[in-house]
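Peer 1: Quick one: the structure is below, and I'll ask about it shortly.
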Amino acid sequence: MTSFDSVTLEVADAAAAARFYATAFGLDSSRVRLRACEDPTSGFRGFTLSLVAAQPGDVDALIGAAVDAGATTLKPASKSLWGYGGVVQAPDGAVWKIATSAKKDTGPATRAFDHLVLLLGVEDVKASKRFYVERGLTVGKSFGGTYVEFAAGPESVKLALYKRRALAKDAGLPADGTGSHRLVLSGTAGPFSDPDGFVWEASAPLAATA
């Protein structure tokens, strides 16, 4: 199966972004990589990242840690028909949704999460689905022209597609935006650019650290 290994966020200050993600979410470069970049961008960048937690207390703990580390709240955590969650924007501009399908806590709150999901906002979900299937990705869930989720291993980033305007609304932002997505995807399917301008690169090994 074609795999999606990691996501690279292009940021103005890679060192500062690394400190934020380690402090707020406990994320390292195994799944979220960082690259210094000054490509201009404005407004909604066309994607969000999601951390899916086990219970509401974990959602609150993750959002609290993110805000303490410098994130801005876009949508305060609240209950909904599907569960509980909120949205924050990292100092580098990336939008993160922290959510759970659980309605009640079943244990002490932690900052653990079960899944990391990358949602791409696309103009035509069905066309983008065909594009990715033709490049070897396997559909895990599909709801017509509304939402598609591709199969992923337990430790990988899960890729999903959503209508751009709907994704922006879910994030609490206007759908307008121009310039770079500030996002690069890595996997065995690359290199290419998809119909919405998201860039894929061939997987590269992590740089050795001293």
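Peer 1: Which one, W200, W82, W96, has the greatest fluctuation when you compute a Gaussian network model over the chain with C-alpha springs under 10 angstrom?
Peer 2: Greatest mean-square fluctuation among the candidates belongs to W82.
Peer 1: Which order results if D5, D105, D58, D176 are arranged by neighbouring Cβ count within 10 Å, fewest first? Spell out each step's value before the answer.
Peer 2: Details: D5 19, D105 16, D58 25, D176 10.
Ascending Cβ contact count within 10 Å gives the list D176, D105, D5, D58.
Peer 1: Quick one: which of K75/K97; K129/K163; K79/K169; K104/K141; K129/K169 span more than 19 angstrom between C-alpha atoms?
Peer 2: On the way: K75/K97 9 Å; K129/K163 12 Å; K79/K169 17 Å; K104/K141 25 Å; K129/K169 21 Å.
With Cα atoms farther than 19 Å apart: K104/K141; K129/K169.
Peer 1: Which of [x] 53, 45, 35; [y] 45, 43, 33; [z] 43, 39, 31 is the computed Cα extents along the principal axes in Å for the structure on display?
Peer 2: Read-out from the structure maps to [y].
Peer 1: Separate question: Treat the count of other C-beta atoms within 10 Å as a stand-in for reagent exposure and order E149, E38 from fewest to most.
Peer 2: Numbers: E149 17, E38 9.
Least to most surrounded, the residues fall as E38, E149.
Peer 1: Relative contact order of the chain: what whole-number percent is it, with Cα pairs under 8 angstrom and at least 6 residues apart? Intermediate values should be presented prior to the final figure.
Peer 2: On the way: 486 pairs, mean separation 57.5, N = 210.
Answer for the chain is 27 percent.
Peer 1: Considering the chain as a Gaussian network with a 10 Å cut-off on Cα pairs, which listed residue, T106, T138, T48, attains the greatest mean-square fluctuation?
Peer 2: Residue with maximal mean-square fluctuation among T106, T138, T48: T106.
Peer 1: Along the positive direction of the dipole of segment 4-202 (beta-carbon charges: Lys, Arg +1; Asp, Glu -1; about the Cα centre), which of P40, G85, L185 reaches farthest?
Peer 2: Of P40, G85, L185, it is G85.
Peer 1: Which order do V7, V133 fall in if you start with the one that has the fewest other Cβ atoms within 10 Å? Working shown, then result.
Peer 2: Numbers: V7 20, V133 14.
Lowest to highest Cβ neighbour count: V133, V7.
Peer 1: Follow-up question, since we're still on this one. Based on Cβ point charges of +1 for Lys and Arg and -1 for Asp and Glu, what charge dipole magnitude is obtained for segment 4-202 about its Cα centre, in debye rounded to the nearest 20? Before the final figure, lay out the partial values.
Peer 2: Working: 22 positive and 22 negative charges, 127 e Å.
Dipole magnitude for segment 4-202 comes out near 620 debye.
Any read-out appearing in this document is the output of simple, stated calculations on the displayed coordinates, not a laboratory observation. Model, not experiment: these values are computed from the prediction. Glycine also receives a Cβ, built like all others from the backbone with ideal geometry; neighbour counts cover every protein chain displayed.
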